[in-house]
Amino acid sequence: MTTAAQSRAADEAAIAAGTPSFALMCRAGTEAAAVILAEHGDCLHAGVEVLAGRGNNGGDAYIVAAQLYRAGVRVRVWAAAPPATVDAQRAAELWVRTAGPLAHGVSDGVAGTPELAAALVVDGLLGTGHRGALRPELQPWCAAIHAARVRGATIVSLDLPSGLDADSGALSEGGVVAHHTITFGTLKRGLLQQRAAAGAVSVVDIGLGTATDLATDAQTAWWCPPHTLAPWLPRAPWNAHKGVRGRVGIAGGDTGMAGAVVLACKAALAAGAGVVHAVVDAPSVSAIQSTLLQVIAHEWPPLAASRQVDAMRLTPSESGQVPRYEALAIGPGLGRSRLSSQVLQRLIDTYRTGPLVLDADALWLAADAANALGTDTASLLRYWLRDTPQAVCTPHPGEFARMTGALLPAEWEQRVARVQDLADRVNAVVLLKGTPTLVAAPKAAEVLVVPHGTPVLATGGSGDALTGLIVALLGQGATARAAAAVAATVHGVAAECVQARALADGQAALHGHTLDRVLQALPDAFGLLDRAPDHAVTRISAAATPNACVLGRLPALR
């Protein structure tokens, strides 16, 4: 994930290493054309209209147009201004030699804006160099793209939607809102912060190679594409049995809130846990056992003088036989009562030497206890987790603010720094929920960014399912950082799969879907971690998986 400056540095490093800049442009345009053919074939029968700006983003657009034309698509190119860079001029000449003159635009002396009629419009007006307000001469061009979208056209932006700031994600008034953005070489930070304008995002390899690493090694946040997480996914031997696939506990489920534990347990089972124990308040035991036949249900551990104990019906904890867990999650539906707080402390005291996940009410109770003691939540959590080798805290923004005493800043660098600071102070991995999700490990060189997710996850119980995924991966031997990153990725990708299937079946993308469907999509999401992206395309949100359509390379200019 890069800023505009880092993206330019990656290009410059590749050029310095011997790759001509025009070759990078040809590769970018060719790969973008391949994605358009693979993803939007149903829109191409009526032709494509390509809008090209004066800079290198416009140059990319000319290459896209030429390659689509060579593939048999009817293409019309609109030039918003004469190409101003050497590479853009070469690309425009190549388009003219391939297909003919440009359509109406200032480059042929005709003022005004295009009248777009095609079912697919390619936006190549502005790239990573844009900052601030749209230039007056481009405002009507962006308005024409908006009008095309309103009438039903599919909008595909190259590198960035025109008007989007590559660093901050700010969208200029009148900027383009795309259905699909094809970005080149690196994922620009602004795309993760303005998903509403970017739409689905594809990252295509344009041949930067190690130049990307050289240009971005100083950044504080790193996007982890799903296929790069495959080494972090715990594997089971061919002769595995339940005893070696992880025995995990999920504690919570106060009276009336057993559902939170049910969702967490379902996710843990889907993530491969061998045995799942639910540790819940006594009235919730029957709800767990009647809903989840695979799960072993226990009552909360007994507290001194808190209740009468029937000696003939002791749980393992009550009889002195503490259940063994490879990992324990505390928080889903735990409640915020004095008894809940005592249960939390008892569980941490008992299991602090093993991997722990603290979520939801556990974090609320920790902040409450810190306030009562006159200390800060980070210090208290650090003390509670002092013997814990692998720990994950999973606040949403509201819980994060309660833990730190301040709202999260809107500015990206400050937000990343705040999450890293909390991880350092607690000495545990902090997963800040959201889209994007941030994962910070103590003293780590970079914060991991997980961009996946849709509004399908914006519902009660979504965080409980994420907790179940994390604790299952911890129980199978993953590190806290790996478990958090993998769980957040498959959680978000599963939601994207739900929406993709809905759209493919002609259903509503958001309404009518529950978390049950997200849980059912987890196998597909885990499968994505094992598959390298086709033709160097990594999808953030997609309605279909790209096929291996790769066009031939453009000939060199003579």
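Summary table
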quantity: So GLY461, is it closer than 18 Å to ALA360 by Cα, more than 15 Å from the chain's Cα centre (by Cα) and modelled with pLDDT of 90 or more; calculated: yes
quantity: Any pair with Cβ under 8 angstrom, 6 or more apart, that starts in the stretch 381-405 at a residue that is assigned by TED's automatic domain parsing to the domain that holds LEU365 and more than 17 Å from LEU438 (Cβ to Cβ) and ends at one that is in a loop (DSSP other than H, G, I, E, B) and charged (D, E, K, R); calculated: TRP384/ARG352; LEU385/ARG352; ARG386/ARG352; ASP387/ARG352; THR388/ARG352; GLY405/ASP376
quantity: Search result, residues across the stretch 12-30 that are in contact with a helix residue (DSSP H, G or I) (Cβ under 7 Å, 6 or more places away or on another chain) and under 23 Å from TRP95 (Cα atoms); calculated: SER21, PHE22, LEU24, MET25, CYS26, ALA28, GLY29, THR30
quantity: Extreme residue, modelled with the highest pLDDT, among residues of the stretch 493-531 that are closer than 25 Å to ALA273 by Cα, touching a His at 6+ places or on another chain (Cβ under 9 Å) and surrounded by fewer than 16 Cβ atoms within 10 Å (Cβ to Cβ); calculated: ASP530
quantity: Search result, residues across the stretch 459-511 that are in a loop (DSSP other than H, G, I, E, B), out of contact with any strand residue (DSSP E or B) (no Cβ under 9 Å at 6 or more places or on another chain) and not small (Gly, Ala, Ser); calculated: THR459, ASP505, GLN507, LEU510, HIS511
quantity: Of all residues in the stretch 349-379 being farther than 24 Å from MET257 by Cβ and in a helix (DSSP H, G or I), the one that is farthest from the chain's Cα centre (by Cα); calculated: LEU373
quantity: Count - residues of the stretch 55-74 that are in a loop (DSSP other than H, G, I, E, B) and without any contact (Cβ under 8 Å) to a residue 60 or more places away in the chain; calculated: 3
quantity: Test: residue in the stretch 26-33 that is of a type in the set (Lys, Arg), buried (at least 21 other Cβ atoms within 10 Å of the Cβ) and in a helix (DSSP H, G or I); calculated: yes
quantity: Exclusive hit being more than 24 Å from GLU31 (Cβ to Cβ), surrounded by fewer than 20 Cβ atoms within 10 Å (Cβ to Cβ) and assigned by TED's automatic domain parsing to the domain that holds ALA34, set ALA143, ALA119; calculated: ALA143
quantity: Residue, farthest from CYS265 (Cα to Cα), within the stretch 310-339, restricted to residues that are modelled with pLDDT of 50 or more and basic (Lys, Arg); calculated: ARG338
quantity: The listed residue being in contact with a Gly (Cβ under 7 Å, 6 or more places away or on another chain) and either in contact (Cβ under 8 Å) with a residue 12 or more places away in the chain or aliphatic (A, V, I, L, M) (or both), out of LYS433, LYS443; calculated: LYS433
quantity: Selected residue (criterion: modelled with the lowest pLDDT) from residues of the stretch 200-212 that are surrounded by fewer than 21 Cβ atoms within 10 Å (Cβ to Cβ) and either farther than 18 Å from PRO20 by Cβ or among the acidic types (Asp, Glu) (or both); calculated: ALA200
quantity: Subset of the stretch 284-304 (residues that are in a loop (DSSP other than H, G, I, E, B), under 33 Å from the mean Cα position of the chain (by Cα) and not polar (S, T, N, Q)); calculated: LEU292, LEU293, VAL295
quantity: Among residues of the stretch 267-294, those that are surrounded by 21 or more Cβ atoms within 10 Å (Cβ to Cβ) and under 18 Å from GLY243 (Cα atoms), counted; calculated: 8
quantity: Residues located in the stretch 152-195, provided they are surrounded by fewer than 21 Cβ atoms within 10 Å (Cβ to Cβ) and of a type in the set (Asp, Glu); calculated: ASP167, GLU173
quantity: Residue within the stretch 467-481 that is touching a residue at least 40 places away in the same chain (Cβ under 8 Å), of a type in the set (Gly, Ala, Ser) and at positive phi present; calculated: yes
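The values are calculated or read from the model by the stated rules, or taken from the named source; none is laboratory data. Here the structure is a predicted model, which means the values were calculated and not measured. Every residue, glycine among them, receives a Cβ derived from its backbone with ideal geometry; neighbour counts consider all protein chains shown.
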